[in-house]
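Below: the structure, in structure tokens.
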Amino acid sequence: MAHRARLVAQGVAVGLVALLFLLLVWSLAMEEGGDLAAAAARGERPEAPDFTLERLDREGELTLSSLRGKAVVLNVWASWCLPCKEEAPFLEQVWREYRSRGLVVVGLDAKDFRKDARRFARQFDLTFPLVYDGPGDVAADRYGVTGFPETFILDREGRVAEVFVGAITADEDQVRLRAAVDRALAT
Amino acid sequence: MRAFLIAFAATCLLAAGAQAAGPPNAADLEAELVCPVCKATLDQSDAPVAQRMKAFIRERIAAGDTEQEIKGALVAEFGSGVLATPSKSGFGLLAWLLPLGALLVGVITVALLVRRWSGRRGPPGSTTPLSPDLERRVDEELARFEG
């Protein structure tokens, strides 16, 4: 009887350890975001993680995969982020220049108040689609964003072609982004 | 002494009641909420979003919101991750119940082990009976000693 109880206890302990190990493997497997920038830098084109988020510029939601067939500039920002303010006019300019050629600029506002984000959009006269990721789960967990702003260039097949970490304000960065957009539109 | 204890308990209860009924305290709330960027509690964080959240808390206190309303508003914006302690309902309740469950299992396990170990020694005063031969020899030795 005692032997059987000991065996059961040992089985439960081994089971618990196995469960913890599986949880660890699962959480590591889910951390896909951090690899996106590195993979894009190596010339690979990893698939952009899909999301459906509430829109800030109008009612309803936006699903990233619904933009398949268009190139996408996905810009992660927040109203309290100073560099985001510096690059906002450039992103609006890109949207207005390229939208007729099949480009969509999507602003993903993360870790922010909705009210502040809308005020930011009005202040900079942003007319491109804006989505809200208040907890920052999509930005951090799926895209591996650790600092704001960060910009992902997606080709027409929804793959990450290039990643810009930090504000795109310097002339050379803006030239690089336009070149990346041209390449993404050409796919 | 008894009257003093009763008076002390009544004073404590009244003070607790008065605190619960009064407006929420900004410092208390800042210690119970987490900055979504740096993951420190708001009172320990100077991140821009933490400063914005502190300003929001003060605005809502001035507007007459309760502690639960302010926390609810922040959870609606930033998710349940802004709460420094898990909520006492839904999935968050597990975080409160699991340690209690583990404690209960530990107490039951210790109780069972203690019972088993004390059972091995047998009831107090019980001894293994002597064999007839040994008993006879002990009787003889005792008789010789007493004689």
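The values are calculated or read from the model by the stated rules, or taken from the named source; none is laboratory data. Worth saying up front: this structure is predicted, and the values here are computed from it rather than measured. Backbone-built Cβ (ideal geometry, glycine too); neighbour counts: all protein chains shown. Accessible surface areas use protein heavy atoms only, side chains included; no ligands, DNA or RNA. Shrake-Rupley method; radii C 1.70, N 1.55, O 1.52, S 1.80 Å.
The tail of the calculated P(r) for segment B:25-80 beyond 13 Å holds 53 percent of all Cα-Cα pairs. Summed over both chains, the area buried between B and A is near 1100 Å², taken from the accessible surface of protein heavy atoms with a 1.4 Å probe. Centre-to-centre separation between the Cα atoms of segment A:82-104 and those of segment A:144-158: 14 Å.
In the protein assembly as shown, what percent of the accessible surface is made up of carbon and sulfur (1.4 Å probe, ligands and nucleic acids excluded)?
61
Quick one: accessible surface of A:W77, probe radius 1.4 Å, all protein chains present, in square angstrom to the nearest 10. For A:W77, the solvent-accessible surface is approximately 10 Å². Ranked from largest to smallest solvent-accessible area, with a 1.4 Å probe on the protein heavy atoms, A:S100, A:S65 come out as A:S100, A:S65.
Using heavy-atom solvent-accessible surface (probe 1.4 Å) with all chains present, what is the largest-first order of A:C81, B:C38?
Largest accessible area first, the residues go B:C38, A:C81.
Helical content of the protein assembly as shown, expressed as a calculated mean residue ellipticity at 222 nm, amounts to -17500 deg cm²/dmol (DSSP H runs of 4 or more residues, -39,500 (n - 2.57) each, divided by residue number, nearest 500). Applying Stokes-Einstein at 4 °C and 1.567 mPa s to the Kirkwood radius of the protein assembly as shown, computed over alpha-carbon pairs, gives a translational diffusion coefficient of 50 µm² s⁻¹.
Per residue, how much accessible surface does the protein assembly as shown expose to a 1.4 Å probe? Answer in Å², no decimals.
So the protein assembly as shown comes to 62 Å² accessible per residue, rounded to a whole number.
Using a probe of 1.4 Å, the accessible surface attributed to B:E146 totals some 150 Å² when neighbouring protein chains are kept in position. Restricting attention to the protein assembly as shown, lysine pairs at least eight places apart or on different chains and with alpha-carbon atoms under 21 angstrom apart total 12.
Hydrodynamic analysis of segment A:94-144 uses the Kirkwood radius over alpha carbon pairs. Inserted into Stokes-Einstein at 25 °C and 0.890 mPa s, it gives a translational diffusion coefficient of 205 µm²/s. A cut-off under 12 angstrom between Cβ atoms defines the neighbours of A:Q93, and their net charge, with Lys, Arg +1 and Asp, Glu -1, is -1.
The heavy atoms of A:V175 offer some 100 square angstrom of accessible surface to a 1.4 angstrom probe.
Of the residues B:K39, A:K85, B:K71, ranked by 1.4 Å probe accessible area with the largest first, the sequence reads B:K39, A:K85, B:K71. Over all pairs of different C-alpha atoms in segment A:1-131, the reciprocal of the mean inverse distance, the Kirkwood hydrodynamic radius, equals 18.2 Å. In plain terms, the C-alpha convex hull of segment A:88-187 casts an average shadow of 6.2 nm² when viewed from every direction. Candidate membrane-span-like segments in chain A, meaning DSSP H helices with Cα atoms spread over at least 24 Å of their own axis and a Kyte-Doolittle mean of -1.0 or above, are A:2-30, A:82-98, with no membrane implied. Backbone geometry of segment A:160-167 corresponds, through the Karplus equation with coefficients 6.51, -1.76 and 1.60 at θ = phi - 60°, to 3J(HN,Hα) couplings of 7, 9, 7, 10, 10, 9, x, 6 Hz, x marking Gly and Pro.
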